[in-house]
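Heads up: the structure comes next, in structure tokens.
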Amino acid sequence: MQHKQVIIIGGGPAGLAAALELYHNGVTDILILEREKHLGGILRQCIHDGFGLLRFKESLSGPEYAQRFIDEIDRLHIPYLTDVTVLDITADKKVLAVSKQGLLEFQAEALALTMGCRERTRGAISIPGTRPAGIYTAGVAQSYINLANTMPGKNVVILGSGDIGLIMARRLTLEGAQVKAVFELQPYPSGLPRNIAQCLNDYDIPLFLNHTIIDIKGRSRLEGVTVAAVDEKFAPLPGTEKDYPCDTLILSVGLIPENELSLQAGVELDQRTKGALVDDSYQTSSPGIFVAGNVLQVHDLVDFVSAEAEKMALGIAAYLHSHSPQSTQLAIRGDASITHTVPQRVSGEKDFTLSLRPSRPAQNCAVQICQNERVIATQTFRKVLPAEMIQIPVAADLLAEAGDLEVRIAC
């Protein structure tokens, strides 16, 4: 069994940023384990631009963004193994993995979990109808076109207005497919406003809110879908059904953090984010196990993923110095105007950044952080959208020693 100070599971944007920040803070006994053949994670197939605007002040493609971190990893000779699948992790930070060379066993002083997230599938949303070929998640369709140079189809309907689905609407159109429409169950888009404008409006692709697919037709290959409007409880409205002939259905209906390994180690999850419950060091309920990136909460920008992983790395470095879990006295709760907050508890001893998403669109409002019925931090917005993550820095000297924090959006 090999011993490492820190093992990072996942070589995507979070894992790469964490490795570099650890190294720059004196933690050099690091190993990155990546299941794909190359580092970079999901960024490898995201060939559109728009990455890095906050960090690098320029618009990069996904591979370009990832390569900047990979080049630095290589320059500093930070070790990594690719084409390695982690089979098991334990609460005492043992890692069992497999590669073409056989089983690998490690003992780490700390684990950084940066496995990312996966897409919800047709099975997860239970669309009735037959089960023909031609139904893809947006990420799978993206990998077919961008990595395998293979078109999934010519006449396309998209269900869900998540960002990957919007980007695929444009990508498929540019490759000659006819994207007939995007249908969204919610009364508002799930993707960023810039993607609505650049990927749908610029290409005259219609977006229908409050609509869903109620039937799938075709035997060996998809032949069409039936779409209906829905009421406020998302029930299809009789008489609104309309058939759309198509050979391809793209699903962009949400992302789920990949936490199977976290559960193996006994990490407690947040039922709202489906990621781990963490403190302001991004340490989980299992001491010495840390998480960041899309495995913790689904982000809207990769710049936020990298920044969060760097904060996690600082928490790991502090843990390696003390080898004791951080004192976490204050819980953070959101009311109905908030879908979730990260972190969910803090020590009250240091500054932290609170990440959250609103549960519904709102205008001319303020996010308020309260303790003991006193507003300790507030930030105003002309509008807030569920698609856009909000991050608010909170100074430790604003916090009382006792009293949980309440977060709300006031309009």
**Message:** Within region 135-164, take every residue that is assigned to a helix (DSSP H, G or I), open to solvent by 40 Å² or more (accessible area, probe 1.4 Å) and in contact with a Pro (Cβ under 9 Å, 6 or more places away or on another chain) and give me the one that is farthest from Leu385 (Cα to Cα).
**Reply:** Tyr144
**Message:** Name the residue that is nearest to Gln142 (Cα to Cα), counting only residues in region 175-218 that are surrounded by fewer than 20 Cβ atoms within 10 Å (Cβ to Cβ) and of a type in the set (Phe, Trp, Tyr).
**Reply:** Tyr203
**Asked** If Val98 passes every condition in (1) β-branched (Val, Ile, Thr); (2) open to solvent by 60 Å² or more (accessible area, probe 1.4 Å); (3) free of Cβ contacts under 8 Å to residues at least 24 places away in the same chain but one, which one does it miss?
**Response** (2)
**Message:** Exactly one condition in (1) more than 18 Å from the chain's Cα centre (by Cα); (2) open to solvent by less than 60 Å² (accessible area, probe 1.4 Å); (3) among the acidic types (Asp, Glu) is false for Glu232; which is it?
**Reply:** (2)
**Request:** Could you check, for region 7-26, whether at least one of its residues is over 21 Å from Asn294 (Cβ atoms), touching a helix residue (DSSP H, G or I) at 6+ places or on another chain (Cβ under 9 Å) and free of Cβ contacts under 8 Å to residues at least 40 places away in the same chain?
**Result:** yes
**Message:** Whether any residue in region 109-127 is in a loop (DSSP other than H, G, I, E, B), at pLDDT 95 or above and open to solvent by 60 Å² or more (accessible area, probe 1.4 Å) is what I want to check.
**Reply:** no
**Unique residue being open to solvent by less than 50 Å² (accessible area, probe 1.4 Å) and at pLDDT 95 or above when the list is Ala400, Ala377, Ala366, Ala396** = Ala366
**Complete:** Across (1) free of Cβ contacts under 8 Å to residues at least 60 places away in the same chain; (2) hydrophobic (A, V, I, L, M, F, W, C); (3) surrounded by fewer than 17 Cβ atoms within 10 Å (Cβ to Cβ); (4) out of contact with any Gly (no Cβ under 7 Å at 6 or more places or on another chain), Leu269 clears everything bar (4)
**Request:** For region 201-221, state whether one or more residues are farther than 30 Å from Ile145 by Cβ and among the aromatic types (Phe, Trp, Tyr).
**Result:** no
**Asked** Could we say that Glu36 is charged (D, E, K, R), touching a residue at least 40 places away in the same chain (Cβ under 8 Å) and closer than 15 Å to Gly116 by Cβ here?
**Response** yes
**Message:** So Ala66 ticks every box in (1) part of a helix (DSSP H, G or I); (2) in contact with a Ser or Thr (Cβ under 9 Å, 6 or more places away or on another chain) but one. Which box is left unticked?
**Reply:** (2)
**Asked** Name the residues in region 273-292 that are of a type in the set (D, E, K, R) and over 23 Å from Ile42 (Cα atoms), would you?
**Response** Asp279, Asp280
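One line per residue, one yes/no per condition, for (1) touching a Leu at 6+ places or on another chain (Cβ under 7 Å); (2) open to solvent by 10 Å² or more (accessible area, probe 1.4 Å); (3) under 24 Å from Asp163 (Cβ atoms):
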site	(1), (2), (3)
Asp279	no, no, no
Ala292	no, no, yes
Val295	yes, no, yes
Val298	yes, yes, yes
Ala307	no, yes, yes
Lys311	no, yes, yes
Ile316	yes, no, no
His321	no, yes, no
**Request:** Scan region 80-100 for residues that are in contact with a Leu (Cβ under 8 Å, 6 or more places away or on another chain) and more than 10 Å from Leu261 (Cβ to Cβ) and report the count.
**Result:** 9
**Item:** Members of region 41-72 found to be more than 24 Å from Glu175 (Cβ to Cβ) and either among the acidic types (Asp, Glu) or in contact (Cβ under 8 Å) with a residue 40 or more places away in the chain (or both), listed by number
**Value:** Gly52, Leu53, Leu54, Arg55, Glu58, Phe69, Ile70, Asp71, Glu72
**Message:** Would you confirm whether or not region 186-197 contains a residue that is closer than 23 Å to Gly254 by Cβ, in contact with a strand residue (DSSP E or B) (Cβ under 6 Å, 6 or more places away or on another chain) and of a type outside the set (A, V, I, L, M)?
**Reply:** no
**Request:** For region 8-63, name all the residues that are open to solvent by less than 50 Å² (accessible area, probe 1.4 Å), closer than 30 Å to Ala197 by Cα and among the aliphatic types (A, V, I, L, M).
**Result:** Ala14, Leu43, Leu60
**Fill in**
How many residues of region 381-411 are touching a residue at least 12 places away in the same chain (Cβ under 8 Å), among the charged types (D, E, K, R) and farther than 30 Å from Leu255 by Cβ? The answer is 1
**Message:** Taking the criterion of being more than 30 Å from Ala141 (Cβ to Cβ), in a helix (DSSP H, G or I), in contact (Cβ under 8 Å) with a residue 12 or more places away in the chain and within 24 Å of the chain's Cα centre (by Cα), would at least one residue in region 77-90 satisfy it?
**Reply:** no
**Item:** Test result for Thr378, within 20 Å of Ala292 (Cβ to Cβ), part of a strand (DSSP E or B) and touching a residue at least 12 places away in the same chain (Cβ under 8 Å)
**Value:** no
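The values are calculated or read from the model by the stated rules, or taken from the named source; none is laboratory data. Bear in mind the structure is a predicted one, so any value in this text is a computation, not a measurement. Here Cβ is always computed from backbone atoms with ideal geometry, including for glycine, and neighbour counts include all displayed protein chains. All accessible areas refer to the heavy atoms of the entire protein, side chains included, with ligands and DNA or RNA removed. Shrake-Rupley method; radii C 1.70, N 1.55, O 1.52, S 1.80 Å.
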